[in-house]
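Participant: First the structure, then my questions, so here it is.
The values are calculated or read from the model by the stated rules, or taken from the named source; none is laboratory data. Predicted, not measured: the structure shown is a model, and the values here were computed from it. As a convention, Cβ positions derive from the backbone with ideal geometry for all residues, glycine included, and neighbour counts pool all protein chains shown.
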Amino acid sequence: AAILNGMALHSGIIPFGGTFLIFSDYSRPALRLGALQKIRVIHEFTHDSFYVGEDGPTHQPVEQTMALRAIPDLQVFRPADAKETAICFKLALESKNNPSALLLTRQGVPVFQQSIKKIEKGVRRGGYIIRKCTKPEINLIATGSEVSLALKVAENMKDKQIMVVSLPCWELFDKQSLEYKNEVIPIRGCLTVSLEAGVTLGWEKYVGQNGIKIGLDHFGTCAPGIDLAKEFGFTADQVESRIREFVASLL
């Protein structure tokens, strides 16, 4: 990361480098300095969650995503599919005064049916409604690989009016107008649920005090990613059950 900063300061090129997300901790001083200097560097961090699987907890990121978001002036992108990834990379190239971090999965994820033009419009704003409904009772907000999981949950809960939001870049979303932010994440009238395979710290600014934060507030373990998803409550049935139990507790 420090070498990339030097290349950017030399000028004439756009430096790009990649490694596992877990190793971003080693790069943190250089990432912070790059953000402080407002230089265009693109960092790609792959294997972005417990779905790393058999490599075990030493290689499974838990707190790293939120730690990167804590660095001022660093754009952190966690795209949900190939289309969002292409757009996030495009935005990183366009960002002349900020470094960017792209957080990518190890596992394959479905590609959204929406046109790339529609997705680009939403990603440029940092977040957008990917599944609309009239008078939503529940708003599922997710990033990265958990967006497809949120869509499955919404499809399963046909008795509820559920809206799904993809939020690939907090930094861009927070810069939007209050009107747009309230449209994507209504502050009243529905239950807001966040879904991300990492620590839940920080999500309260979107879900509020009465929402649900579904994440991973402990270290992982060594097992295939699909088995860990079941162990940690990241299947559609488990997420649905947690939401229904919470709603029932309010009655």
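Participant: Any residue in the stretch 113-125 that is assigned to a helix (DSSP H, G or I) sitting within a Cβ distance under 6 Å of a residue that is among the aromatic types (Phe, Trp, Tyr) and surrounded by 18 or more Cβ atoms within 10 Å (Cβ to Cβ)? List the pairs, counting only those 6 or more apart or interchain.
Facilitator: Pairs found: Gly122/Tyr128.
Participant: Can you spot a residue in the stretch 94-116 that is surrounded by 19 or more Cβ atoms within 10 Å (Cβ to Cβ) and within 29 Å of Gly189 (Cβ to Cβ)?
Facilitator: Yes, because at least one residue in the stretch 94-116 is surrounded by 19 or more Cβ atoms within 10 Å (Cβ to Cβ) and within 29 Å of Gly189 (Cβ to Cβ).
Participant: Do any residues in the stretch 176-205 that are among the charged types (D, E, K, R) and modelled with pLDDT of 95 or more have Cβ atoms under 8 Å from those of residues that are surrounded by fewer than 22 Cβ atoms within 10 Å (Cβ to Cβ) and in a strand (DSSP E or B), where the two are at least six apart or on different chains, and which pairs are they?
Facilitator: Within 8 Å, the pairs are Glu183/Ile129; Glu204/Lys213.
Participant: Tell me yes or no: at least one residue of the stretch 228-241 is among the aliphatic types (A, V, I, L, M) and assigned to a loop (DSSP other than H, G, I, E, B).
Facilitator: no
Participant: Could you tell me which numbered condition Pro79 fails, if it satisfies all but one of (1) under 14 Å from the mean Cα position of the chain (by Cα); (2) part of a strand (DSSP E or B)?
Facilitator: (2)
Participant: Any residue that is surrounded by fewer than 21 Cβ atoms within 10 Å (Cβ to Cβ) and at positive phi - is there at least one of those in the stretch 164-184?
Facilitator: The answer is no; no qualifying residue exists.
Participant: Tell me which residues, restricted to the stretch 3-17, are of a type in the set (Gly, Ala, Ser) and loosely packed, with under 12 Cβ neighbours inside 10 Å.
Facilitator: Across the stretch 3-17, the qualifying residues are Ser11, Gly12.
Participant: Any idea which of Pro168, Pro72, Pro110 is part of a loop (DSSP other than H, G, I, E, B) and farther than 22 Å from Val52 by Cα?
Facilitator: Only one candidate passes the filter, namely Pro72.
Participant: So which residues in the stretch 53-68 are surrounded by 18 or more Cβ atoms within 10 Å (Cβ to Cβ) and more than 10 Å from Cys222 (Cβ to Cβ), if there are any at all?
Facilitator: Scanning the stretch 53-68 gives Pro61, Val62, Gln64, Thr65, Met66, Ala67, Leu68.
Participant: Which one of the conditions (1) more than 24 Å from Arg40 (Cβ to Cβ); (2) part of a helix (DSSP H, G or I) does Cys133 fail to meet, given that it meets all the rest?
Facilitator: (2)
Participant: Something else about it: Answer with yes or no whether Lys96 is farther than 27 Å from Arg32 by Cα, out of contact with any Cys (no Cβ under 8 Å at 6 or more places or on another chain) and not in a strand (DSSP E or B).
Facilitator: Considered against the rule, which asks whether it is farther than 27 Å from Arg32 by Cα, out of contact with any Cys (no Cβ under 8 Å at 6 or more places or on another chain) and not in a strand (DSSP E or B), Lys96 comes out as no.
Participant: Still on this model: What is the residue count in the stretch 120-169 for residues that are among the hydroxyl-bearing types (Ser, Thr, Tyr) and farther than 19 Å from Val76 by Cβ? Steps first, please.
Facilitator: As a first pass, look at the stretch 120-169 and keep what is among the hydroxyl-bearing types (Ser, Thr, Tyr): 128, 134, 143, 145, 148, 166.
Adding the requirement that they be farther than 19 Å from Val76 by Cβ leaves 134, 148.
Going through the stretch 120-169 one residue at a time, the tally reaches 2.
Participant: With respect to Val147, determine if the residue is closer than 19 Å to Thr46 by Cα, surrounded by fewer than 20 Cβ atoms within 10 Å (Cβ to Cβ) and either within 12 Å of the chain's Cα centre (by Cα) or not aromatic (Phe, Trp, Tyr) (or both).
Facilitator: no
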